[in-house]
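Student: Quick one: the structure is below, questions incoming.
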Amino acid sequence: MTSPRLEIDLKKILHNATTLVSQLGARNISVIAITKAMLGAPELAHTLIAAGVSGLGDSRIENIERIRQSGITAPITLIRSPMISQSKRVVTQANASLNTEIEVIRRLSADAKNNGLNHGVILMVELGDLREGILPRDLESVVRNTIQLPNITLSGIGTNLACRSGVCPDHQNMTELSRLADSIESKFGIHLGIVSGGNSANMNWFADEHHPTRINNLRLGESILLGREPLYRQPIKGLHTDAITLIAEVIETKVKPKQPWGQFAQNALGTVSPKQEIASASKENILQSILAIGHQDTDPTGLQMPSGVKTLGASSDHLIIETGSVAFPPGTEVSMLPNYNGLVRAMTSPFVAKFWIAAGIPEHSTNATKATGIAEGSNQSTTPII
């Protein structure tokens, strides 16, 4: 089989999504499943719909168009504020979008009207993480302007935390979002169908939360795909953390000095190495292997290695590992678990093949490769996998 490659177990992802939909649903919280890490792959989208999510979400209109082209008609939300230059594509492909700028909403209104469509808007509120969001003091004005626009429905309000600054969703900021929802409804005599508390970072809040709030929606990506919460990257009980593996092939194995030697400057990626006190090759040697994958393919710092294997460094297309007392001959395949950043970059790389393991859902509802199938363009291989 070709390498490097991602092996994506849709059965495990189906389990994760179904479990979260059930747990959150018991508290009347719906799930918008986020597909951006997988570039809007139809294989993933069909699996998530089969799990019972209320809709899909993606940050790129190109991914949403890919999902639509596969025949999916489920509700899809654009979760990054729309670009004005893409407004027409947004209203024709997405049912709703997250917004912070009234100028953008006005353009969405005009394009929706011109195309005989109605577009839902969720206004995002800034609650401390300092990424996107309307300041709470300005929310009332934006609501007033939004509800006056034709072909626009104010579907609700939401917030995003943890993504830029690592601010944790907690009782205080979730209560603040709930209070704002109540205030808007009272002031304007409307009903907000969605109060979206955030993303997979909310899973710790959900586990500890015992106070009633208005939060009735979360936008989940990492927790479904990797089975972890993003604040501390801890596994979520009952979920698979190995649904996606990244596999790369060994291209060199040698015993080499543990430390580099010579005069030091920047490396190929522009990083200055720590000051070295070594003028010649170290007497301490290690067993070192090189994998045919690098920064151009993934985030080398975001890969969990097999037991006994340690990452030493990486360049654009080489990943250097220490393998202890076990030699990995050339041709050996090493299986790693990517974190979210490692996954996103591997999915984006055209040099990483994507191999889908079917989820066992009805044939007509997925394009997933069978468990015994091979990703397009790959070659059979009998090399061992570590």
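The values are calculated or read from the model by the stated rules, or taken from the named source; none is laboratory data. Being a predicted model, the structure only gives us computed values, none of them experimental. In this analysis, Cβ positions are derived from the backbone assuming ideal geometry, glycine residues included, and neighbour counts consider all displayed protein chains.
Student: Return the residues of segment 1-23 that are surrounded by fewer than 21 Cβ atoms within 10 Å (Cβ to Cβ) and aliphatic (A, V, I, L, M); say none if nothing qualifies.
Tutor: Within segment 1-23, just Met1 meets the criteria.
Student: Within segment 67-91, how many residues turn out to be surrounded by fewer than 18 Cβ atoms within 10 Å (Cβ to Cβ) and of a type in the set (A, V, I, L, M, F, W, C)?
Tutor: 3
Student: Need the failing condition index for Arg137 against (1) farther than 22 Å from Met203 by Cβ; (2) basic (Lys, Arg); (3) in contact with a strand residue (DSSP E or B) (Cβ under 8 Å, 6 or more places away or on another chain), just the number.
Tutor: If we test Arg137 against (1) farther than 22 Å from Met203 by Cβ; (2) basic (Lys, Arg); (3) in contact with a strand residue (DSSP E or B) (Cβ under 8 Å, 6 or more places away or on another chain), just (3) comes out false.
Student: Still on this structure: Do we find that Ser307 is among the hydroxyl-bearing types (Ser, Thr, Tyr), free of Cβ contacts under 8 Å to residues at least 60 places away in the same chain, crowded, with 17+ Cβ neighbours inside 10 Å and not assigned by TED's automatic domain parsing to the domain that holds Leu192 in this structure?
Tutor: So Ser307 fails the test.
Student: List the residue pairs whose Cβ atoms are under 6 Å apart, where the first residue sits in segment 284-295 and is at pLDDT below 95, the second is part of a loop (DSSP other than H, G, I, E, B) and not small (Gly, Ala, Ser), and the two are 6 or more positions apart or on different chains.
Tutor: Cβ pairs passing all conditions: Glu284/Lys258.
Student: I've got another one for you. Could you count how many residues in segment 24-50 are touching a residue at least 40 places away in the same chain (Cβ under 8 Å), aliphatic (A, V, I, L, M) and either surrounded by fewer than 23 Cβ atoms within 10 Å (Cβ to Cβ) or not assigned by TED's automatic domain parsing to the domain that holds Leu78 (or both)?
Tutor: 6
Student: Within segment 236-263, can you find the residues that are over 24 Å from Arg5 (Cβ atoms) and not hydrophobic (A, V, I, L, M, F, W, C)?
Tutor: Scanning segment 236-263 gives Lys237, Gly238, Lys254, Lys256, Pro257, Lys258, Gln259, Pro260, Gly262, Gln263.
Student: Can you find a residue that is assigned to a loop (DSSP other than H, G, I, E, B), hydrophobic (A, V, I, L, M, F, W, C) and within 24 Å of Lys36 (Cα to Cα) anywhere in segment 201-220?
Tutor: Checked against the condition, which is being assigned to a loop (DSSP other than H, G, I, E, B), hydrophobic (A, V, I, L, M, F, W, C) and within 24 Å of Lys36 (Cα to Cα), segment 201-220 yields at least one hit.
Student: Also: State whether one or more residues within segment 163-170 are assigned to a loop (DSSP other than H, G, I, E, B), more than 30 Å from Asn204 (Cβ to Cβ) and of a type in the set (S, T, N, Q).
Tutor: Within segment 163-170, none of the residues are assigned to a loop (DSSP other than H, G, I, E, B), more than 30 Å from Asn204 (Cβ to Cβ) and of a type in the set (S, T, N, Q).
Student: Determine if segment 84-103 includes at least one residue that is part of a helix (DSSP H, G or I), in the same structural domain as Ser155 (by TED's automatic domain parsing) and over 27 Å from Met38 (Cα atoms).
Tutor: Taking every residue of segment 84-103 in turn, at least one turns out to be part of a helix (DSSP H, G or I), in the same structural domain as Ser155 (by TED's automatic domain parsing) and over 27 Å from Met38 (Cα atoms).
Student: Going by the structure shown, is Leu117 surrounded by fewer than 15 Cβ atoms within 10 Å (Cβ to Cβ) and not acidic (Asp, Glu)?
Tutor: Spelling it out, Leu117 is indeed surrounded by fewer than 15 Cβ atoms within 10 Å (Cβ to Cβ) and not acidic (Asp, Glu).
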